[in-house]
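Below is one structure, written out as structure tokens, with a few remarks after it.
The values are calculated or read from the model by the stated rules, or taken from the named source; none is laboratory data. Please read these numbers as outputs of a predicted model, since none were measured by experiment. Every residue, glycine among them, receives a Cβ derived from its backbone with ideal geometry; neighbour counts consider all protein chains shown.
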Amino acid sequence: MTDNRPLAVRLLQTHTVPVVFKLVASPEDVKDGESVSLLVGGKTHRMAPPSPTCDAWRVCVAIPPGDHRYQYVVTDRHGLVKRYEQQMKKARIIIERSISSEHSDILLTVMDTFGSCMCHWASVTPTQQESEVSFTCSFTPSALFGSSQPPPPFTALPDPDALPASLPNAATIHTNFRNAVTLQFGAGACHLTKRLAIGIACGTINEGAARSLIEQGANIKGGVKESHGGDLSLVGLVVAYHTGSSAGKVLRALLDAGAQIDESPDDAEHRSLRVAIREGRWALLEILLEPQYKAAVNGMQLLSELGVEGKGGREKGLPPAAHLRIVKKIAERDPSVLTEVDSNGKQPIHRYCEHPLTSAKCQQRLIDYFVKVCGHDIVNAPDSDGRRPLWAAYFSTHLSRTGRKETIHRLYHFGAAKHINTPDSSQRTLLWDLAREMTDDEEYEPSDAVRVEPDLLDLLTHGASLTAAGVTPQRAIREAKDEQRRQQRETCDRCESLEGRLFDLGYEYWDSDDEEEVDDADWPMRRIVKAYGTLLNRKIPRRSIRAINTALQPSRSIVASLAQPIPISETTHVTLPPEIQTTIASLLTPSPSLPIGENPFGTRINRAMQQYVTAASRSIIQHGNVHVVGGPGQPPLRPFAIGGETGRRMGICEVIFRVVRMETLRWGINLTLKHGMDNDEQIIRTMRVA
């Protein structure tokens, strides 16, 4: 009976597939004098031992399409079975494996590890996009085995490294550990080049085999086209698809032989360095960045890619120290990459502030490195939305609070507070936008008792201004009154007779239909004012005293040495006059100042501290520290004389209290700082240093 099926169908049904079996075994698994054999299809095939071109025991067998079971056995030098491969020596579980070959395969490689049930495989299939004739020819005995007749099923083939004998110009590689990839070769690509590229894509080729193919004439200057349309060099092919343990050595073999790193410098998405970052191939990335290979790094936004992939990178096994090392290696190739703007208008420093390294020490070194190479201005570089690195740091959602905190600290250290009140392109400041973000976030659901947010307090501590954020005393007081009325209404709603109760208490009655809802925009303001109240009542008094003590430390330290007699000769000593001591101390005493965004409050606090430090430094030199801090029978220094009140003097704590009290009244904030004094306005306006 005549078979009328198309030739391609008949070939697919009848041909056998060359299957290369590879087994990685340690010297403990296979001892000296022993070898390994493969049992498949009722036949036993002795496997070739590891060699420079293959790191595993291997044999190639003609396998018909379908599912087949196979086993590995350890034999003596005469081929007699000594023991079967076992999963566990104690359990003595004999491993029996299975493999499925498809009709469309022209090559199948199976990669096993002795004693493990895990199996990796890679198959090569001609792409049907080629002509029917080319596709059909891929399955002829000549193309597969280099002979006119196919070998019988389960027959061992002589040269596993040379099969199939012919490779198509377009082939698809399927594996069980990643997505399929289709490679298209140029019309003039030789068989050696195809073998090299397909071996790389399958992840089965090692350094020795790669060098051997290169020495035989494989073209390493060209590349291949991916199914996605991108052009990949052989180097890029290793980075993208060779996931075997020998990938690094294969990469070096190509680079040492002069292979180009990229096929097309204009195709940024398929350039090897970027692919290495995107795929998390960190060891290969570091090889590519070695100076002798002269990799071009600019124009690809590598650091922004690394900063974004940093989150995924850590999941892919990139420790913070290695991450920092890679950043430096990239920047050493071309420092301009540190300020490259990506497609979202951001520089690398914005990315690393948004996604800090998980190690605080490494994150600090990273920010320091940016400043060292680019200068202090880098910490205030705006992105396309006018937002600076400090903005990205505060908005970072990374789980590592340590890395985030360290980022903010280093940015402030290098001068990021200079633009803390500079609005973005939407004319919103960082203080307002952060408070608004907290309101929108479910984690910060508004409640009757608005909590103090540490980030808002931190911004205010470094000079963020309520006024610059659009929050005015008038708005704050009005909102406080609205909140008070709202609470009163809620209290009355719980009464049995709401309308009568309101009348008895003298409250105005609002009908529920006419009641105005509280604007969501008021919640950011409430958060900001709440944080400002904490700044006034707690932070400012403590920070003021700390700044004063820091400023007076030089005077207290040098007073002893300045008061000591200076030897003029062996018998003559002289002591510096008090006015000289005072002059020297004043030159060595820094002027204290706190970053406060609101005036006149900030001006009053800083002026009072500076005046006090001047008077206290002089008193320390002339009379000693006890005249400043006080002691038994000696009151503390009170250098501020009040105009119009004879003999009335104030110390620094009273002055700070009065300035704070005036500011809380201006904003309608509850004063919790305690001090038994009044008449703030009159005292502050007439205060002078006696």
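Observations on the model:
- Lone qualifier among Ser147, Ser212 - being of a type in the set (Ser, Thr, Tyr) and surrounded by fewer than 17 Cβ atoms within 10 Å (Cβ to Cβ): Ser147
- Members of region 190-215 that are outside any helix (DSSP H, G or I) and touching a strand residue (DSSP E or B) at 6+ places or on another chain (Cβ under 8 Å): Gly203, Thr204, Asn206
- For Asp377, the requirement of being at pLDDT 95 or above and of a type outside the set (Gly, Ala, Ser) is met.
- Within region 195-223, being in contact (Cβ under 8 Å) with a residue 24 or more places away in the chain and aliphatic (A, V, I, L, M) holds for Leu196, Ala197, Ile198, Ile200, Ala201, Ile205, Ala209, Ala210, Ile214, Ala218, Ile220.
- Among residues of region 535-565, those that are among the β-branched types (Val, Ile, Thr) and at pLDDT 95 or above, counted: 1
- Helices (runs of 4 or more DSSP H) wholly inside region 238-342 that include at least 2 residues being β-branched (Val, Ile, Thr) and in contact with a helix residue (DSSP H, G or I) (Cβ under 6 Å, 6 or more places away or on another chain): 272-279
- Some residue of region 316-339 being closer than 30 Å to Gly386 by Cα, surrounded by fewer than 17 Cβ atoms within 10 Å (Cβ to Cβ) and among the small types (Gly, Ala, Ser): yes
- The set of residues in region 48-66 being more than 16 Å from Ser101 (Cα to Cα), not in a loop (DSSP other than H, G, I, E, B) and not hydrophobic (A, V, I, L, M, F, W, C) consists of Ser51, Arg58.
- Filtering region 202-235 to residues that are modelled with pLDDT of 95 or more and under 17 Å from Val275 (Cβ atoms) leaves Leu234, Val235.
- Residue in region 126-135 that is within 22 Å of Ser245 (Cα to Cα), buried (at least 17 other Cβ atoms within 10 Å of the Cβ) and touching a strand residue (DSSP E or B) at 6+ places or on another chain (Cβ under 8 Å) present: no
- Residue identified as within 29 Å of Tyr532 (Cα to Cα), without any contact (Cβ under 8 Å) to a residue 40 or more places away in the chain and not charged (D, E, K, R) among Leu665, Leu671: Leu665
- Residue that is nearest to Ile528 (Cα to Cα) [pool: residues in region 592-647 that are among the charged types (D, E, K, R) and surrounded by fewer than 17 Cβ atoms within 10 Å (Cβ to Cβ)]: Arg607
- Qualifying residue in region 254-277 (condition: in contact with a Phe, Trp or Tyr (Cβ under 6 Å, 6 or more places away or on another chain) and either in contact (Cβ under 8 Å) with a residue 24 or more places away in the chain or over 30 Å from Val24 (Cβ atoms) (or both)): yes
- Applying the criterion of being surrounded by 18 or more Cβ atoms within 10 Å (Cβ to Cβ) and modelled with pLDDT of 90 or more to the residues of region 74-96, the residue that is farthest from Asp29 (Cα to Cα) is Thr75.
- Ser304 closer than 21 Å to Phe177 by Cα, crowded, with 18+ Cβ neighbours inside 10 Å and either of a type outside the set (Val, Ile, Thr) or in contact (Cβ under 8 Å) with a residue 24 or more places away in the chain (or both): no
- Selected residue (only one of Val308, Val341 is modelled with pLDDT under 90, of a type outside the set (S, T, N, Q) and either touching a Cys at 6+ places or on another chain (Cβ under 6 Å) or more than 28 Å from Gly258 (Cβ to Cβ) (or both)): Val308
- Members of region 20-47 found to be of a type outside the set (S, T, N, Q), touching a residue at least 12 places away in the same chain (Cβ under 8 Å), surrounded by fewer than 19 Cβ atoms within 10 Å (Cβ to Cβ) and farther than 16 Å from Arg97 by Cβ, listed by number: Gly33, Glu34, Arg46
- Arg388 passes every criterion in (1) closer than 25 Å to Pro319 by Cβ; (2) buried (at least 22 other Cβ atoms within 10 Å of the Cβ) apart from (1).
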